[in-house]
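The values are calculated or read from the model by the stated rules, or taken from the named source; none is laboratory data. Being a predicted model, the structure only gives us computed values, none of them experimental. No Cβ is skipped: glycine too gets one built from the backbone with ideal geometry, and neighbour counts run over all protein chains shown.
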Amino acid sequence: MLSENDLKVLKAISEGDSDPQSIAKKLDMKVEAVRASADLLNEQGHVQVIKSVEEIFALTEEGKKYAQEGLPERNLLLAIGPGKPMADLKDPSVKISLGWLRKKGWAAIEAGVLKPTGDAPQGKDEEILESLLAGLKSSTVLDNNGLAALKSRGLITSSKTKSWNYKTTQTIGVASNIDIVNEVGPITSDMIKSGHWEDDAPYLTYKKEKFHIRRYDVTLAADKIYPGKKHPYQRLIDNMREIMLEMGFVEIKGQIVQSSFWNFDALFQPQDHPAREMQDTFYLDSQAEIPDFAKVKQMHECGGSVGSTGWGGCWRPEVARQEVLRTHTTGVTIKYLADHPRPPVKAFGIDRVYRREAIDTTHTPEFEQLEGIVMDENVTFCHLLGILKEFYAKMGFEEVRFRPGYFPYTEPSVEPEVFIDGLGWVELGGAGVFRKEVTAPFGIEHPVLAWGLGVSRVAMLKLGLKDLRLLYQSDIEWLRRTPVSIKL
């Protein structure tokens, strides 16, 4: 027994239609439905399905040019006539043509003269160029060696097409001996509960009608579905933000373009510091307004009243006004502290920063930083270590240790390290207590605990990446493969 659609397809094939496209058009069916019916008819022995793959060739733009004007070696052969001195062949393109002339054995160099070696009959490659220009495309009627030569020269391109061809295995009269049954769509729960199923065939009798049920092979792999989801890097940033908010921090934001005053001077970096040089910083051709700088100037030149010697020299406000793309988020932090000099302050920021870096597997000119600060009465370096341990534990790093470090605007300073299987101890950021040279000019009288880390480095560890650039590229296959959960 066959469904109505199956019988229609069988009759069309019996009448001489062999292509699924023509059958679909004739029966007003989808091509996929025709192929499905033909496969079923093939299983039942009514139809033979012949599948084939054909390689189709087409000329490139350069190939079209040579098909119309002739191959370069053929034109060079015509140009030299009975022979021509090599000294007269000065066109750079002659070098390629000469190589093919000698490879094909059409000419040779004798005593500095390029001479023909005999007849140069039309080659298979030239015949193929003419055929492709005339409209022939199939590899079945074209010489394989000639095709390979043209393909290696970039004169032709190829693509493969699949085709189906059907023919009946019985006479057309078979169609009249086959019972027609209705094709069922979605199977309802009532059909399953009240219908009668045939024991040896996929047929269902339901409400006195017989329906054909398509067989399903449950062992076949289902089509992969790629649902919409957040970018893995954005998920990690959101996770960090949630952790900081859970720990009671307030998120702060700042401008990408900062004055050198907030980016460098307010952090007690001398105006001749190497970090300010062009190879590290993106400078803009603009000047910014800066606040009253008297105390910052005094701190840089002579150390102010905090027992420091300062940097000496002459601090210049025109240097401090120079605008830059922020090189770190600490400039945003110190400006927030200057606006909120009274405790308690507990803030963090996750934002992009910019540096003049050569792009490679571990460096990009823009990347994200996470920075946190705590300012309150009687907070100590031990409090800082406790906060860092808690933060990294929430990030999923169970083992954390600290080793002494150096940073220009914190003292004491420390570098947190986490243990990762297969890598050992990995440094993840820097931390410390702001120096008084940083806080005193802004009236901040209590200790400020501060730390920061490169978010992209954490992402590489979490996602198992060896190339940082993947975080910023739209590699759809990598995005599909990366699971929603981020776990080490």
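Of ASP39, ASP125, ASP88, all but one fail to be of a type in the set (Asp, Glu) and buried (at least 18 other Cβ atoms within 10 Å of the Cβ); the exception is ASP125.
Just one of the listed residues (GLU377, GLU357, GLU371) is out of contact with any Pro (no Cβ under 7 Å at 6 or more places or on another chain) and either assigned by TED's automatic domain parsing to the domain that holds ASP285 or surrounded by fewer than 18 Cβ atoms within 10 Å (Cβ to Cβ) (or both), and it is GLU371.
Considering each residue of the stretch 323-336 in turn, none proves to be in a loop (DSSP other than H, G, I, E, B) and either over 19 Å from TYR409 (Cβ atoms) or more than 40 Å from the chain's Cα centre (by Cα) (or both).
Number of residues in the stretch 463-488 that are in contact with a Leu (Cβ under 9 Å, 6 or more places away or on another chain) and surrounded by fewer than 20 Cβ atoms within 10 Å (Cβ to Cβ): the value is 8. Set side by side, the residues ILE243, ILE225 differ, and just one is farther than 24 Å from THR364 by Cβ, hydrophobic (A, V, I, L, M, F, W, C), under 30 Å from the mean Cα position of the chain (by Cα) and exposed (fewer than 13 other Cβ atoms within 10 Å of the Cβ), which is ILE225. Among the residues of the stretch 297-318, the one identified as under 17 Å from PHE434 (Cβ atoms) and either β-branched (Val, Ile, Thr) or outside the structural domain of GLN271 (by TED's automatic domain parsing) (or both) is VAL306. Taken over the stretch 283-297, the residue count meeting the criterion of being touching a residue at least 24 places away in the same chain (Cβ under 8 Å) and over 44 Å from the mean Cα position of the chain (by Cα) is 3. Determine, yes or no, whether GLU411 is surrounded by fewer than 13 Cβ atoms within 10 Å (Cβ to Cβ) and in the same structural domain as THR361 (by TED's automatic domain parsing). So GLU411 does not fit the description; no.
Of the residues examined, PHE367 is one that is under 22 Å from THR330 (Cα atoms) and within 37 Å of the chain's Cα centre (by Cα). Taking the listed residues GLY228, GLY248, the one that is on the phi > 0 side of the Ramachandran plot and at pLDDT 80 or above is GLY248, with no other qualifying. Screening SER474, SER413 for residues that are hydroxyl-bearing (Ser, Thr, Tyr), without any contact (Cβ under 8 Å) to a residue 60 or more places away in the chain and touching a Phe, Trp or Tyr at 6+ places or on another chain (Cβ under 6 Å) leaves exactly one candidate, SER413. Restricting LYS151, LYS115 to those that are in the same structural domain as LYS84 (by TED's automatic domain parsing) and either surrounded by fewer than 11 Cβ atoms within 10 Å (Cβ to Cβ) or in a strand (DSSP E or B) (or both) reduces the list to LYS115. Just to be sure before I move on: is GLU318 under 26 Å from GLN255 (Cα atoms), out of contact with any Ser or Thr (no Cβ under 7 Å at 6 or more places or on another chain) and charged (D, E, K, R) in the structure I sent? The answer is yes for GLU318.
Listed conditions (1) at pLDDT 80 or above; (2) in a loop (DSSP other than H, G, I, E, B) are all met by ASP199, apart from (1).
Quick grid of which residues meet (1) more than 41 Å from the chain's Cα centre (by Cα); (2) assigned by TED's automatic domain parsing to the domain that holds ILE156; (3) hydrophobic (A, V, I, L, M, F, W, C); (4) at pLDDT below 85:
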{"residue": "SER3", "(1), (2), (3), (4)": "yes, no, no, yes"}
{"residue": "ASP6", "(1), (2), (3), (4)": "yes, no, no, yes"}
{"residue": "LYS30", "(1), (2), (3), (4)": "no, no, no, no"}
{"residue": "ALA36", "(1), (2), (3), (4)": "no, no, yes, no"}
{"residue": "GLN44", "(1), (2), (3), (4)": "yes, no, no, yes"}
{"residue": "LYS64", "(1), (2), (3), (4)": "no, yes, no, no"}
{"residue": "ALA67", "(1), (2), (3), (4)": "no, yes, yes, no"}
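Taking the stretch 276-312 as the range and being in contact with a Pro (Cβ under 8 Å, 6 or more places away or on another chain) and among the small types (Gly, Ala, Ser) as the test, only GLY304 passes. Residues in the stretch 50-68: is at least one in contact (Cβ under 8 Å) with a residue 40 or more places away in the chain and over 26 Å from LEU150 (Cα atoms)? Yes, some residue in the stretch 50-68 is in contact (Cβ under 8 Å) with a residue 40 or more places away in the chain and over 26 Å from LEU150 (Cα atoms).
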